[in-house]
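The numbers here are math on the coordinates, done by the rules we state, and not lab data. Since we're looking at a predicted model, the values are computed, not measured. With ideal geometry, Cβ positions are generated from the backbone for all residues, glycine too; neighbour counts draw on all protein chains shown.
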Amino acid sequence: MPDKIKKQAVVVIHGMGEQRPMDTLRSFVDSVKTHLSKTDNSEINTTVRSKPDWISGTFETRKLSLSSSRNRPRTDFYEFYWAHNMRDTKFTHTFTWIFKLIFSRYKKVPQRLRSLWLTIWAIIVAIPVILIATGVDDIKIVISVFAGIPLLTFVISLLEKFAGNLFLSTLGDAARYFTPVPSNIEQRNNIRQQGIAFLKKLHEQNEGNGYDRVVVVAHSLGSAVAYDLLRFIWNDYYFTFEKKEEVNQHYVKELDAYSTNWPTGKTTDDYQEIQYLAWLQQRQTGNKWLISDFITLGAAICYADYFLVTKQSFEQLKKEREFPVCPPIPDDKDNSISYLDTSYDVVVNGKTEPRTILRLSHSSMFGITRWTNIFFSSDFIGGKGSRIFGSGVKDCEIPRSSIWLLPGGHTNYWDKESEASLDAIVKALRLRTDENPSLPQKEEKATV
């Protein structure tokens, strides 16, 4: 693989709710294109074209292709659309999840969600107090009698139905995705199977016509979907390689320092630079993993320890390497996230010499995939990814005010008016050729 990226793809994964195909993608690409044009004169005359999407497997989506500029290679934008899998949600699908959220101990509730948790409990306590004080069992009767208008009861019933549908089409998605019970398994499997097939097609395009780099951007509940897709598909690619005459993987070894004992004075920017260089080295050894960046916006996955319904603790699942973290957890024996494997011989100047490829482990996805997590200070659905996934996650908190307990700005991350968050998104995408580090032109051969 050449060091220079010639063609790249961005996959956008939408969040919960009644999403329509292409709505998220079109608005996202339009805002990114506008921002690029404002900050780089070479982007002003670039064009976006809607082209057939042979990747997703559905005729409802298209590929939006942004032509190359002087500083950026051709960039294709795709949407992984999954909302159609979450249909016919009922209140019974949400009971287990809601029960867990409400009845979790206060200390286990993430800091950013505690005000909401306390408010919900205040309402729960207040309702019976009000009913007892009124002396009746049905608050609608009280309102109807007080108003003297029977029609009011009908209006309240309509409002109840509307609120119910709104709840089921939004939070109902989260409840079903985070709760692996029999009634939700089919929906969860469908989403994952479709997403894995989607990403595999991006990875396995014909040589010379494929992508050099893939970026995955996920919003809201889509962050949990994306995280699962990445950790599952990683198992199909982390061990791939080709027999190379020259092998140099010293950046891969440098990752160990961040996993065992984060170097003094080093920042997430330093770690992300090593991640990208290690990714380039892995690609040069023939590794097929294309995903260099994972970007989350208002990410529900940041509360996986609270939202996920499971008998095992989230910490235990991380320790068992079921959930990859950033930086990865090193092996207990050698304090490394990689291992030597698959010796082979090559002929150099008529002599046979041994070579050994350094492989990352099955849980070391975030050794070579950068994770940038962007969230508004007012959006309680989003939060710090580093809280549970490790200090290698680059958290970008964007200051914003909102009304009490409303997830302010949750759907506005890439709005053209949200300049700070849009700027953070474009910087995290690193679409320009000069925004990513390059390997030295001549590297000394390392003994791996």
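Points to keep in mind about this one:
- Backbone N under 19 Å from the ILE98 label point (7 Å along Cα→Cβ), restricted to region 387-417: 406-407
- Environment charge at SER220 (Cβ cut-off 12 Å; Lys +1, Arg +1, Asp -1, Glu -1): -2
- Sorting the segments 114-120, 178-184 by their mean number of nearby beta carbons within 10 angstrom, highest to lowest, gives 178-184, 114-120.
- Taking the C-alpha atoms only, the angle from helix 114-134 to the longest principal axis of the chain is near 10 degrees.
- Fraction of antiparallel bridges per DSSP, the chain only, in percent to nearest 5: 40 percent
- Local electrostatic count, SER336, Cβ distance below 15 Å [Lys/Arg +1, Asp/Glu -1]: -2
- LYS90-ASP23 FRET efficiency (beta carbon distance; Förster radius 35 Å; 0.05 resolution): 0.85
- Seen through its C-alpha gyration tensor, with square-root eigenvalues sorted a ≥ b ≥ c, region 295-448 comes out oblate because a/c lies at 1.5 or above while a/b is not bigger than b/c.
- In region 22-96, chymotrypsin sites (Phe, Trp or Tyr not before Pro) in a DSSP loop with at most 15 other beta-carbon atoms within 10 Å: TRP54, PHE59
- Centroid-to-centroid, using Cα positions, region 352-403 and region 243-320 are 7 Å apart.
- Distant alpha-carbon pairs in region 280-332 (separation over 12 angstrom), percent: 75 percent
- Of the GluC sites (Glu not before Pro) found in region 279-387, those in coil by DSSP whose Cβ has at most 15 other Cβ atoms within 10 Å are GLU320, GLU322.
- Other-chain or far-sequence residues with amide H under 5 Å of THR296's (modelled H): ALA218, THR372, ASN373, ILE374
- Where only DSSP H runs of four or more residues are counted, the chain gives -12000 deg cm²/dmol as its mean residue ellipticity at 222 nm, each run worth -39500 (n - 2.57).
- Relative to the longest principal axis of the Cα atoms of the chain, the long axis of helix 23-39 makes an angle of roughly 60 degrees.
- Cα pair distances in the chain, grouped into 20 Å bins until the bin that holds the longest one, percent each: 23, 53, 20, 4, 1, 0
- Between 0 and 90 degrees, the angle of helix 182-203 with respect to the longest Cα principal axis of the chain falls at about 30 degrees.
- The alpha carbon convex hull volume per residue for region 334-373 rounds to 96 Å³.
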